[in-house]
Amino acid sequence: MRRATIVTLLLVSAATLAGCASPRSFNPGASLVDVLAKAGPPTDIRFDRNGDELWEYATGPQGVETYLVRAGADRRVKDVTQLLTDEQLQKVVPGTMTKADVRHILGKPSEQTFAAAGTVWSWRFRRDGVQPGFLTVRFNPDNTVFERIAIIEPSGGRGGRGD
């Protein structure tokens, strides 16, 4: 009887997950109520300087997508952005930005490493949606950005050289 209950719960969970919509599927104008009902609760909610509500949907630590759903005061979606891209990493400016700035641009890091020289944050991503790799930001001891790097796994993990 116990085994049947576990199997039933697993099947119900799988069916529920299969019915979930990805945040990327929402168009401007959708309500946050619709987003919550279809995509589930976000991994983080915050507000930006102009008052927009930001819902983050991170798939880390091994996932390669983090979507940010931006909604205005009317609680309607303004846009949906995939944060884990080379383009987003280029917005990180060494010497001028803090951890909070990077967190806003790239979302919650998948991994944090601490060393005497400073902290390193990294996120898994796929370059052009294909090549697996990591977005990495190293911080100075004062928590400002020291450097940013996109590291591509050699031949998608198949033994060649990356860039």
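The values are calculated or read from the model by the stated rules, or taken from the named source; none is laboratory data. Remember, predicted model here, so these are calculated numbers, not experimental data. In this analysis, Cβ positions are derived from the backbone assuming ideal geometry, glycine residues included, and neighbour counts consider all displayed protein chains. The accessibility values were calculated without ligands, DNA or RNA, using every heavy atom of the protein model including side chains. Shrake-Rupley method; radii C 1.70, N 1.55, O 1.52, S 1.80 Å.
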Using a cut-off of 21 Å between alpha-carbon atoms, which lysines can reach Lys91, once sequence neighbours fewer than 8 places away in the same chain are excluded? Lys78, Lys99, Lys108
When the convex hull of the C-alpha atoms of segment 23-122 is computed, what volume per residue in Å³ does it have? 104 Å³
Rounded to whole Hz and in sequence order, give me ³J(HN,Hα) for segment 47-63 from the Karplus expression 6.51 cos²θ - 1.76 cosθ + 1.60, θ = phi - 60°, writing x for Gly and Pro. 10, 9, 4, 8, x, 5, 8, 10, 10, 9, 10, 9, 10, x, x, 9, x
Estimate the FRET efficiency between Ala115 and Lys91 by the formula 1/(1 + (r/R0)^6), using the beta-carbon distance for r and 25 Å for R0, to the nearest 0.05. 0.55
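If Lys and Arg each add +1 and Asp and Glu each add -1, what is the summed charge of the other residues whose beta carbon sits under 9 Å from the beta carbon of Leu135? Can you show the working numbers first?
Details: positive: Arg124, Arg148; negative: Asp86.
Residues close to Leu135 contribute a combined charge of +1.
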Scan around Thr119 for amide H atoms under 5 Å from its own, H built in the peptide plane at 1.01 Å from N, and keep only partners 5 or more places away or cross-chain. Phe139
In whole percent, how big is the carbon plus sulfur part of the accessible area of segment 68-155, probe 1.4 Å, protein atoms only? 53 percent
Please report how far the C-alpha centroid of segment 37-71 lies from that of segment 80-103, rounded to the nearest whole angstrom. 15 Å
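Under a 1.4 Å probe, what is the accessible area of segment 56-163 per residue, stated in Å²? Each step should come with its number before you reach the end.
Working: 5740 Å² over 108 residues.
Heavy-atom accessible area per residue stands at 53 Å².
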Enumerate the amide H contacts of Glu153 below 5 Å, restricted to partners 5 or more residues apart or on another chain; note that Pro and chain-start residues carry no placed amide H. Gly133, Phe134
